1. Filter the stretch 258-274 for residues that are in contact (Cβ under 8 Å) with a residue 60 or more places away in the chain and not in a helix (DSSP H, G or I) and give the result.
2. Against the conditions (1) without any contact (Cβ under 8 Å) to a residue 60 or more places away in the chain; (2) over 19 Å from K159 (Cβ atoms), where does G74 fall short? Just the number, please.
3. Does G79 satisfy being touching a residue at least 40 places away in the same chain (Cβ under 8 Å), crowded, with 18+ Cβ neighbours inside 10 Å and farther than 24 Å from G158 by Cα?
4. Taking the stretch 16-67 only, how many residues are of a type in the set (F, W, Y) and part of a strand (DSSP E or B)?
5. Where in the stretch 307-382 are there helices (runs of 4 or more DSSP H), lying wholly inside it, with at least 2 residues that are of a type in the set (S, T, Y) and outside the structural domain of M281 (by TED's automatic domain parsing)?
6. Across the stretch 49-76, what is the number of residues that are crowded, with 19+ Cβ neighbours inside 10 Å and on the phi > 0 side of the Ramachandran plot?
7. Hey, could you check the stretch 379-400 for residues that are farther than 23 Å from T143 by Cα and touching an Asp or Glu at 6+ places or on another chain (Cβ under 7 Å) and say which is surrounded by the most Cβ atoms within 10 Å (Cβ to Cβ)?
Amino acid sequence: MLSIAQELLSEIDRHRAHYVTFLQDFIRAASPNPPGDTTAAAKVIKDFLLSENVKPDIVEPLAHAPNIVADFDGGQGPGPRVVLNGHIDTFPVEKPEEWDKGPFSGHNDGESIHGRGGVDMKAGTAALVIAFTLLMKRASMMTGSVALTAVSDEETGGKWGTRYLLEHSGTPSRWAGDVVLNGEPGGLQSIRFGEKGTLRMTFVVKTPGANGAYKHVSRGANIIASKLIIKLLEIEHLRPELPDELRRYLGSEDVRKVADDIMGSGAADILLQPTVNIGTMHGGVKVNVIPEQCVFEADIRLPIGMAARVVLDRIDEILKDVPEASYEVQTAASNPANYCTYDHLLAKSITKWAEQVTGQRPVQLAGLGGTDCKFYRYAGIPAYVYGPSPQGMGAQGEKVSIDEFISLIKVHTLAVWDYLGTSQEDQAA
């Protein structure tokens, strides 16, 4: 007699082609954000759920950006509530004419599915949707409950997506849960238990301006801004205040190797330091005029253990020598770094099944970029990311590995079953 775990793995393999078609349809339903219209992609999810006898609810604070939600209770009594969280919207497309297969082709070349959002994060979201349907079929043998939240608006902050669900669905929110599994790209070699924060700022440099030959009247705002930018790079030398155990863990050779393997050489170093990126500078209209104003944006990534106030205090010190400059924090686009325990039972279940399915034992890492997991962690709810390789996400020619997609379905499903299931055969195993 097959165990439930074996039964699940067999069912996933039998329906491999069906699940790949679902992912193709999902990618073909364009949902770039901005502009953020996810209605077509949300319908693909809704139709798939209905075909699997799941009747989802639609929460749409914005008519063009619906959130697809569903949940079920286990039949074996009280237990934890697991939330499966993924987003529907994608990074926008630039120069669609330069894509070999087209940005929304969903082309299957036998190894990968091509199209914008395959990596970030339609493969992960589709895998969670499929896992939900497989688990719901076995609800009678599970404790606790499982919720699915396929949301819009992640790429532009989450105000109308995950954050909205957590803030407008009761107290506590129906969609909060006790622990979260998310499928953002992170690589099958890792589980993400935290992520760097963002401090987004707008700087304005103002000077009197003058004719280009009259530099004795005023130095140009662009020149002052350029010098200021060089000074801002000093922020990258600040160091976070981390608990000793976490610092040792993130600095260990195993963790550093996996971080560099997944995200590129040097990634392990910037996990523990702030980084500064400068957006386009705007200042001046003619080359022979000393510009009186320059505006630029800074995107500063804060490592775990570093508060925004530490960076702002350093910037305030720098600006004492640059009286022409001022700044404004873009509050809506700024979020603290966040992390949760890496010793949670669900994380252990993810590790167990990832190793069995892929042959690789994943290492727990912090991510460089932001995800909707931050909203759960801010609320004290542990949240874990297990998703495909981040290679190519948001880039021209984005594509996702079919084998990785199928592995995600298996790991997501089996990890939650391992955490909530009560099958005697599986417990004996």
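The values are calculated or read from the model by the stated rules, or taken from the named source; none is laboratory data. Treat the numbers as computed from the prediction; the structure is a model and nothing was measured. We place every Cβ from the backbone using ideal geometry, glycine too, and count neighbours over all the protein chains shown.
1. Matches in the stretch 258-274: L271 only.
2. (1)
3. On the way: touching a residue at least 40 places away in the same chain (Cβ under 8 Å): yes; crowded, with 18+ Cβ neighbours inside 10 Å: no; farther than 24 Å from G158 by Cα: yes.
Considered against the rule, which asks whether it is touching a residue at least 40 places away in the same chain (Cβ under 8 Å), crowded, with 18+ Cβ neighbours inside 10 Å and farther than 24 Å from G158 by Cα, G79 comes out as no.
4. Initial filter on the stretch 16-67 (of a type in the set (F, W, Y)): 19, 22, 26, 48.
Going one step further and asking which of them are part of a strand (DSSP E or B), we end up with none.
Total satisfying the criteria: 0.
5. Numbers: elements: 308-319, 345-358, 373-378.
In the stretch 307-382, the matching helices (runs of 4 or more DSSP H) lie at 345-358, 373-378.
6. 0
7. Of the stretch 379-400, the ones farther than 23 Å from T143 by Cα are 379, 387-400.
Next cut, touching an Asp or Glu at 6+ places or on another chain (Cβ under 7 Å) only: 387-389, 392-394, 396-397.
On the way: G387: 32, P388: 28, S389: 19, G392: 17, M393: 21, G394: 18, Q396: 14, G397: 13.
So, considering only residues that are farther than 23 Å from T143 by Cα and touching an Asp or Glu at 6+ places or on another chain (Cβ under 7 Å), the one surrounded by the most Cβ atoms within 10 Å (Cβ to Cβ) is G387.
To keep it simple, each residue is scored yes or no on (1) touching a Phe, Trp or Tyr at 6+ places or on another chain (Cβ under 8 Å); (2) crowded, with 22+ Cβ neighbours inside 10 Å; (3) not assigned by TED's automatic domain parsing to the domain that holds A366.
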site	(1), (2), (3)
N108	no, no, no
M121	no, yes, no
R138	yes, no, no
M142	yes, yes, no
R163	yes, no, no
W175	no, yes, no
V180	yes, yes, no
